[in-house]
1. Largest first, what is the accessible-area ranking of 54, 148 with a 1.4 Å probe?
2. Using 0.36 nm per residue of separation minus the Cα-Cα distance, give me the extension gain between residue 105 and residue 134 in nm, one decimal.
3. Compute the length gained on full extension between residue 123 and residue 95: take 0.36 nm times their separation in residues and subtract their Cα-Cα distance, giving the result in nm to one decimal.
4. Could you rank 112, 142 by how accessible they are, 1.4 Å probe, largest area first?
5. Looking at the P(r) of the range 100-140, how many percent of alpha-carbon pairs lie beyond 12 Å?
6. Given a 1.4 Å probe and the protein chains all in place, what does the accessible area of residue 88 round to, in Å² to the nearest 10?
7. Rolling a 1.4 angstrom probe over the protein chains, ignoring ligands and nucleic acids, what is the accessible area of residue 111 in square angstrom, nearest 10?
8. If R₀ is 25 angstrom, what is the calculated FRET efficiency for the pair residue 145 and residue 88, using the beta carbon separation as r and rounding to 0.05?
Amino acid sequence: MTDNITSVGGGSRPDTSVSALKGRTGAGAPAETRGKTSIADGVVAKIAGMATREVPGIHSMGAGMARAFGAMRERVPGGGGGVTRGVKVEVGERQAAVDLDVVVEYGVSIVDVAGAVRTNVISALERMTGLEVVEVNIAVDDVHLPDEEEEAERDEGRVR
């Protein structure tokens with residue numbers, strides 16, 4: 001691959017940091033390599049979040065309070081689904097690192113689920129962005145029990 005990735009922009013918000021894929025220039029260069037492609041950190045986080053949620057055995061993402069606020073935000077019209085909840089990324093010139101906070105379903109092998117998440121996230125990011133994923137760190141913050149949904153439904157109230 002002839003693309004070079006360089007960091008562009010900056011700031012404390014994930015959406016302000018951007019990576020740029022630079023191709024070769026000139027009349028002799030192939031058309032697909034002429035110019036520059038920029039990928040924001042937020043894009044990398046969304047891809048990682050979607051790839052994580054695709055894995056069977058993942059119940060939700062985010063740790064403690066982030067999950068609670070996310071659940072409230074999802075109930076508000078226009079509040080958004082929080083695809084990047086539980087996802088942190090660091091994007092460099094050619095590489096990316098991902099940190100995930102997940103909740104797994106009770107009864108699944110956490111080791112197998114974590115391996116499947118790593119495989120799916122790395123595959124999706126490398127295929128879609130061209131970045132080399134150097135690590136995917138997974139923190140399992142909770143186990144979702146089957147009876148927790150029944151309790152939540154009862155707590156919502158008597159009138160619907």
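1. Descending accessible area places them as 54, 148.
2. 7.8 nm
3. Full extension from residue 123 to residue 95 adds 8.7 nm.
4. 112, 142
5. 60
6. Answer for residue 88: close to 130 Å² accessible.
7. Here the residue's solvent-accessible area equals roughly 120 Å².
8. After rounding, the FRET efficiency stands at 0.40.
The values are calculated or read from the model by the stated rules, or taken from the named source; none is laboratory data. All of these numbers come straight from a predicted model, not from anything done at the bench. No Cβ is skipped: glycine too gets one built from the backbone with ideal geometry, and neighbour counts run over all protein chains shown. Each accessible area value is taken on the protein alone, full model and side chains, heavy atoms only, with ligands, DNA and RNA left out. Shrake-Rupley method; radii C 1.70, N 1.55, O 1.52, S 1.80 Å.
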